Structures are given as C-alpha cells and as structure tokens.
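Notes follow once the structure below has been shown.
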Amino acid sequence: MSNFGTYKSQSMLKSGLQIRGARAVLNWSAKELANAADLASKTINRLEVKEDLHNSSVRTLSAIQGALELAGIEFIEAADGAPGIIIRSAQTD
C-alpha cells in the first residue's frame, strides 16, 4: 500500500473523536501531538473534526497513531462498532 493512498488498514484509528480524546487524556495540545507526529498542527485540527477518517492519508494517520501509541494510547472498536481508546502505559525504549 502506498504511503500516499487513503487509510484502509486494519487500524482502529477511525474517527477524529479518538484523536481529540487521546490528546485530552494525555493533556497534549494539537501542537504537541503535531510535533510528536512530525505534522502541522493545522493537520491535527482538520482531522479532529472529521467523524470518519477512511479517506485520510495513510502516512498522516500512521504518524498520528504511532505518536499516540508511543504515549500509551490504544485504539479500539467497541462491541457496537463505535471507535474508542484505552489508556496503556507509555512505551519506553
């Protein structure tokens, strides 16, 4: 799959609400997440208002998911199919 295609992986990062919720749990600003993911903060802000991220860039969503997972967030899908997050321990090297 191309890094510049749309996001079609098996990832559980499916909604802007998950990004906003993860940032709130971590007490991160959009700028802090953008820095951790090596993205522009306006990109974070744009994605957070989207209900569905399936047409978003694979590279962008992978960067966001990776940064948040390193900080201890796990993306899940609830039994009813709703996207969500779980707080785990931050990964250390």
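Residues in the stretch 80-93 that are of a type outside the set (D, E, K, R), at pLDDT 90 or above and either assigned to a loop (DSSP other than H, G, I, E, B) or exposed (fewer than 14 other Cβ atoms within 10 Å of the Cβ) (or both): A82, I86, I87.
Return yes when A40 is over 9 Å from the mean Cα position of the chain (by Cα) and over 18 Å from G21 (Cβ atoms) and no when it is not. So A40 passes the test. Identify, please: which residue in the stretch 5-24 is surrounded by 15 or more Cβ atoms within 10 Å (Cβ to Cβ) and in a helix (DSSP H, G or I) and is, among those, nearest to the chain's Cα centre (by Cα)? My answer is I19.
Answer with yes or no whether E69 is exposed (fewer than 12 other Cβ atoms within 10 Å of the Cβ), at pLDDT below 95 and acidic (D, E). Here the answer is no, as E69 does not meet what is asked. From the list E32, E51, the lone residue that is without any contact (Cβ under 8 Å) to a residue 40 or more places away in the chain and part of a helix (DSSP H, G or I) is E32.
The values are calculated or read from the model by the stated rules, or taken from the named source; none is laboratory data. Since the model is a prediction, treat every value here as computed from it, not as a measurement. Don't worry about glycine lacking a Cβ; one is built from the backbone with ideal geometry, like all the others, and counts go over all protein chains shown.
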